[in-house]
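None of the figures in this text is laboratory data; all of them are computed from the coordinates on show. Note that the structure is predicted; figures quoted are calculated from it, not measured. Here Cβ is always computed from backbone atoms with ideal geometry, including for glycine, and neighbour counts include all displayed protein chains.
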4 protein chains.
Amino acid sequence: MRQKDEAKARDILRATLEEVQAVGLAGLSVEAVARRAGVATGTVYVYFKGKEALLDELYLHTKQKFAAFVLRDDGLPLRATFTRITCAYLDYVTENAAEMVFMGQMANSPYVTPQTRETVALGVRPLMALLERGKAEQLLKDVDIAWMTAFLGGVMHAMAPLGARLAPDARRQFQETVAALCWDALKA
Amino acid sequence: MRQKDEAKARDILRATLEEVQAVGLAGLSVEAVARRAGVATGTVYVYFKGKEALLDELYLHTKQKFAAFVLRDDGLPLRATFTRITCAYLDYVTENAAEMVFMGQMANSPYVTPQTRETVALGVRPLMALLERGKAEQLLKDVDIAWMTAFLGGVMHAMAPLGARLAPDARRQFQETVAALCWDALKA
Amino acid sequence: MRQKDEAKARDILRATLEEVQAVGLAGLSVEAVARRAGVATGTVYVYFKGKEALLDELYLHTKQKFAAFVLRDDGLPLRATFTRITCAYLDYVTENAAEMVFMGQMANSPYVTPQTRETVALGVRPLMALLERGKAEQLLKDVDIAWMTAFLGGVMHAMAPLGARLAPDARRQFQETVAALCWDALKA
Amino acid sequence: MRQKDEAKARDILRATLEEVQAVGLAGLSVEAVARRAGVATGTVYVYFKGKEALLDELYLHTKQKFAAFVLRDDGLPLRATFTRITCAYLDYVTENAAEMVFMGQMANSPYVTPQTRETVALGVRPLMALLERGKAEQLLKDVDIAWMTAFLGGVMHAMAPLGARLAPDARRQFQETVAALCWDALKA
DNA sequence: CATGAATGAGTTTTCATTCAT
DNA sequence: TATGAATGAAAACTCATTCAT
């Protein structure tokens, strides 16, 4: 027998991502996903329990890949980390348009299970640790960590798309501006 | 359309809003909207060209009502206006949950026409004027206006839901914190 | 608007009956039923909640029509009633082949709801009353009524199809034989 | 087929029986059968040509096992044999619920091939021989043998389930009653 | 022979839209 | 204009069967 192929599951997930970018979350059909992945309709149901499960799982994967790329505490000084996160976020938006579209469409949809929403929420932990450190060293304001992470998330989410359209050199300046705004907002 | 009964059109729009809050944008059916509005299915098509038009129009209305409430330049000093906007945004979120859910779900959906998206974008004009004034008076950093509005929009969008859950007195302090963060970020 | 048409519901029920006779309960598709009834597929779902509900309802109707025809206590002497029931049962089998096939296929299927099964069971009441009378007059054996009805039901169910194939005059004799067997079995 | 492992074929047949009892004939899936039998889906097709063949074959086996147990002419006097058959039938129903459910669901289904239906019909031969003997000895009425067997089959089929629910001592009396009814019906 | 992943035709069901009344 | 029954295309999902391993 063919062994259940991990690569095939990835094909289906990738096809879903592309299809959402192409036709939107409403308008996504399992058949189109299968066709794009190069498998039969039924095969999708071999790897995923159903359309909802497929989307939920893809959302989890996408968010985690994203968080792993952007939200790292690499031990740089705090101010430098702000710049690093800004750059990483912006680079990600620029180079992974399909992922961003997908996350945007899923974020408020009823397809995401509470379980996944919870797991995803854990992704900001490294950022929280970083901010905690900043607060302990009195480099940052004495503000609730959850508020700070929401603040940073909101800023990045709203601003990154603006930077993606810029020419490379303007982008550099953009990134520094975003980092500066965030830093000025949160610094003690 | 729009001949006979202006109230009936509003019933349908309100019903749509509530239904999206209840079952999500995916899962919204015209029949459920009609039932909730207390009219027949066909009547929806008397007042709106179709499901897409209904959603698009409702999105426009909702955004404009929201912008009118939150994004006013009432001539207060700049710093005070930051606090006013924060309060207004947060109050709106707290008291119009269905509207917020609807706007969240629509923002990235393919239901919104480019025309509407454009019109909605004009809603931030008062805010842009305000920021322009601040820049002219050298109270604010010399940063692209579009970047600033994106910044403020992102912060509000991400933080307001956190405040909505707080007790009234804690909420007061929350609002001031949000306003302070934004001010520190943008002030010269 | 078109008023919900009682005749259309009957068309669908009749079409279901015929379709089951033609292709069996396994192999019954809603689309084929709709085609045979001369309506669109979706129309079936206007009148019935789903395939299961359609079958369950049809089973109830069929059983009740059958019981009303066969299981009447028309006040004749007991012995004569045995003959009457035998004749009625046999006539019914002969003239309503589709109904019999359908009842046979449904009887042991999981499509029938317990509720319907219960209601159908009430159909033997007139027969039970008749047997009660016979016991009171000591014309019948002192045997549990439920046992007697099961006995008669079993005999009819098994024997009637044999009679349906006979020529009219042989059939007359057949009916009398069946009645005689039942009478001899139950009489005191 | 049938080369390697006779036991595996029996496992599959047994699993089918149990699965039909659990989910009904409609709702039976080959995969569920395989899972219950502890083999792979494909293995079912090694031992049986397909789903229909599996069911048909199982029906034949079940009917024959049943007939062998119930319909024996063991040379007892006629009246005693009536009691014996009643007891055997009832015992079988009580102890082989899954078999009875399966036979009930298959009897009217299109899965049974005419060939099998014919072979199964031969199972009543011993009973027919017994009744023939009774007629020759003028112990029984002069009634068509086919009618008599239908009569007895119908009575047993309908009544046995009633007895299965009784306590052991009540069951004894039940069996005698059933035997008496049949005897009174058929005796000369 | 045994496996179970893969297939894809076929099934049930939904739902935006139309239209007779 | 208002109604809601009717439509039928499209969607999600199932499952008997095949086949590569």
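Figures for the structure shown
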quantity: Shielding by partners - mean other protein chain Cβ count within 10 Å, residues of A:106-114; calculated: 4
quantity: Kirkwood hydrodynamic radius of the stretch B:35-97, Cα pairs, Å; calculated: 14.2 Å
quantity: Residue-count net charge about C:Glu118 - beta-carbon cut-off 13 Å; Lys, Arg +1, Asp, Glu -1; calculated: +2
quantity: From the C-alpha gyration tensor of the stretch A:61-128, square roots of 5λ in Å; calculated: 23, 15, 8
quantity: Distant alpha-carbon pairs in the protein assembly as shown (separation over 48 angstrom), percent; calculated: 46 percent
quantity: Copies compared at C:Asp142 - label distances in nm, ascending, label defined 7 Å from Cα in the Cβ direction; calculated: 3.7, 9.6, 11.6
quantity: Unit charges at the beta carbon, dipole of chain A: most positive-side option, A:Ala150, A:Ala53, A:Val120; calculated: A:Ala53
quantity: Computed [θ] at 222 nm, helices only, for the protein assembly as shown once each DSSP H run of length n ≥ 4 contributes -39500 (n - 2.57); calculated: -24000 deg cm²/dmol
quantity: Among A:2-8, B:126-132, A:113-119, D:54-60, the order from most to least packed when residues are scored by Cβ within 10 Å on average; calculated: D:54-60, B:126-132, A:113-119, A:2-8
quantity: Inter-chain Cβ neighbour average for residues C:149-157, partner chain, 10 Å; calculated: 6
quantity: Cα principal axis extents for the stretch D:1-111, largest first, Å; calculated: 51, 30, 24
quantity: Net +/- balance of residues flanking C:Ala107 in space, Cβ distance below 10 Å, scoring K and R +1, D and E -1; calculated: +2
quantity: Chain B residue with Cβ closest to the axis mapping B onto D, distance in whole Å; calculated: B:Gly27, 14
quantity: Average Cα contact separation per residue, the stretch D:1-78, under 8 Å, 6 or more apart, as relative contact order %; calculated: 28 percent
quantity: Relative packing of peptides C:62-72, C:167-177 - highest average C-beta neighbours within 10 Å first; calculated: C:62-72, C:167-177
quantity: Whichever lysines have a C-alpha closer than 20 Å to that of D:Lys65, once near sequence neighbours (fewer than 8 apart) are set aside; calculated: D:Lys8
quantity: Estimated Rh, chain D: Kirkwood, alpha-carbon pairs, angstrom; calculated: 18.0 Å
quantity: Share of alpha-carbon pairs per 10 Å distance bin for the stretch A:117-188, given as whole %; calculated: 18, 44, 30, 8
quantity: Neighbour net charge for B:His61 - beta-carbon separation under 12 angstrom, K R +1, D E -1; calculated: +1
quantity: Test item: Cα-centred dipole of the protein assembly as shown, Lys/Arg +1 and Asp/Glu -1 on Cβ, debye; calculated: 220 debye
quantity: Shielding score for D:178-187, defined as the mean number of other chain Cβ atoms within 10 Å; calculated: 5
quantity: Rough spin-label spacing in nm, given labels placed 7 Å along Cα→Cβ, for C:Gln21 and D:Arg165; calculated: 3.4 nm
quantity: Cα-centre dipole for chain D with unit charges at Cβ (Lys and Arg positive, Asp and Glu negative), debye to 20; calculated: 160 debye
